[in-house]
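Quick notes on the structure that follows.
The values are calculated or read from the model by the stated rules, or taken from the named source; none is laboratory data. Keep in mind the model is a prediction, meaning the values are calculated, not measured. Every residue, glycine as well, gets a Cβ built from its backbone with ideal geometry; the counts of neighbours run over all protein chains shown. Only protein heavy atoms, including side chains, enter the accessible area calculation; ligands, DNA and RNA are left aside. Shrake-Rupley method; radii C 1.70, N 1.55, O 1.52, S 1.80 Å.
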Amino acid sequence: MESTKKQVSLELLPWLVVHTDGTIERLAGTEVCPPGLDQETGVFSKDIIIEPKTGLSARIYRPFSIQPDQKLPLVLYFHGGAFLISSASFPCYHTSLNKFVNQANVIAVSVNYRLAPEHPLPTAYEDSWTALKTIQAINEPWINDYADLDRLYLVGDSAGANISHHLAFRAKQSDQTVKIKGIGMIHPYFWGTQPIGSEVKDEARKKMVDGWWEFVCPSEKGSDDPWINPFAGGSPDLEGLGCERLMITVAEKDILNERGKMYYERLVKSKWRGKVEIMETKEKDHVFHIFEPDCDEAMEMSRRLALFINEMEA
């Protein structure tokens, strides 16, 4: 009957809707696929529990063939989805990680951090920090046998790149022995109240991204909250970024493009002593590689990230 249909109180397109009874209906990123042997790449994967108390989990990947006594770089991966949707078991991410692990020859751990609004920020950051601390001490054979903990990299796309930024500061400030060799930021989810670059003319998308963030992190600071704007008041100086190397990738048609470029430029001008590089993909939009993993541009971006992690010159 018409009267029994749920009424919508908020539409946060294209991700989710909120009903008047408070229930959340996700419109994207809900599909899941199992781990196992990927026939195309020969990469193995399995799901592991990182923190039993919260249920924090991850999907771990390893190449099919590893030489005896060989130790591979360890990549801690954080998926995107505006902190609202998706998971480590989302088919697009699972496919992407299989391809990347095969190409880069790494051990990868894709973190299944909890999502807003059911788990408000900073839950995603806390889960990711727990994963970073725990993964180096967890009793997991694939890590114990095959991972080189001295070559620990954080890689994330969109919200996941944002997470990696904040973890790098926390790692340096921590008295724990958490050492990050490098960070790969794919189309980082940084934002701000004042529009820059293409945001000035693209009012519709500017308003849309503002709305996503205000829903995830309601505060009087809005899009100038330090969680989302690395240059707003209260944000730590980039000099304190706790890694030796950093690579940023941006996409020409992405509304977040200018923010990634600004981050690169500010980092170059800062007193940070590491090495940073940037790559721009022409004619492509936000996280295109997740949805078009076999396109030439996605394969080139993956190749560059693989070279970066293996400390080779692109």
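Tabulated data
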read-out: Filter result for ARG170 (part of a helix (DSSP H, G or I), of a type outside the set (Phe, Trp, Tyr), touching a Phe, Trp or Tyr at 6+ places or on another chain (Cβ under 8 Å) and open to solvent by 60 Å² or more (accessible area, probe 1.4 Å)); value: yes
read-out: VAL276 being open to solvent by 40 Å² or more (accessible area, probe 1.4 Å) and under 22 Å from ILE180 (Cα atoms); value: no
read-out: Filter result (of a type in the set (Phe, Trp, Tyr) and farther than 25 Å from TRP191 by Cα) within the stretch 64-89; value: PHE64
read-out: Within the stretch 13-126, strands (runs of 3 or more DSSP E) holding 1 or more residues that are aromatic (Phe, Trp, Tyr) and over 15 Å from the mean Cα position of the chain (by Cα); value: 44-51, 56-62
read-out: Of all residues in the stretch 132-167 being part of a helix (DSSP H, G or I) and aromatic (Phe, Trp, Tyr), the one that is most open to solvent (accessible area, probe 1.4 Å); value: TYR146
read-out: Helices (runs of 4 or more DSSP H) wholly inside the stretch 209-314 that include at least 1 residues being over 18 Å from ALA161 (Cβ atoms); value: 257-269, 296-309
read-out: Some residue of the stretch 227-244 being open to solvent by less than 50 Å² (accessible area, probe 1.4 Å), aromatic (Phe, Trp, Tyr), closer than 27 Å to ASP285 by Cβ and out of contact with any Phe, Trp or Tyr (no Cβ under 6 Å at 6 or more places or on another chain); value: no
read-out: THR95 being within 23 Å of LEU27 (Cβ to Cβ), open to solvent by 10 Å² or more (accessible area, probe 1.4 Å) and of a type in the set (Val, Ile, Thr); value: yes
read-out: All positions within the stretch 98-122 that are open to solvent by 30 Å² or more (accessible area, probe 1.4 Å) and polar (S, T, N, Q); value: ASN102, GLN103, ASN105, ASN112
read-out: Every residue from the stretch 49-67 that is open to solvent by 20 Å² or more (accessible area, probe 1.4 Å) and either under 16 Å from SER89 (Cα atoms) or in contact with a strand residue (DSSP E or B) (Cβ under 8 Å, 6 or more places away or on another chain) (or both); value: ILE49, GLY55, SER57, ARG62, PHE64, ILE66
read-out: Matching option when the condition is among the charged types (D, E, K, R), buried (at least 21 other Cβ atoms within 10 Å of the Cβ) and either under 17 Å from the mean Cα position of the chain (by Cα) or closer than 19 Å to ILE196 by Cα (or both), among ARG259, ARG266; value: ARG259
read-out: Per-region count, the stretch 1-48, residues among the hydrophobic types (A, V, I, L, M, F, W, C), modelled with pLDDT of 95 or more and out of contact with any strand residue (DSSP E or B) (no Cβ under 7 Å at 6 or more places or on another chain); value: 2
read-out: Yes/no for LYS207 being under 26 Å from LYS46 (Cα atoms), over 13 Å from the mean Cα position of the chain (by Cα) and free of Cβ contacts under 8 Å to residues at least 60 places away in the same chain; value: no
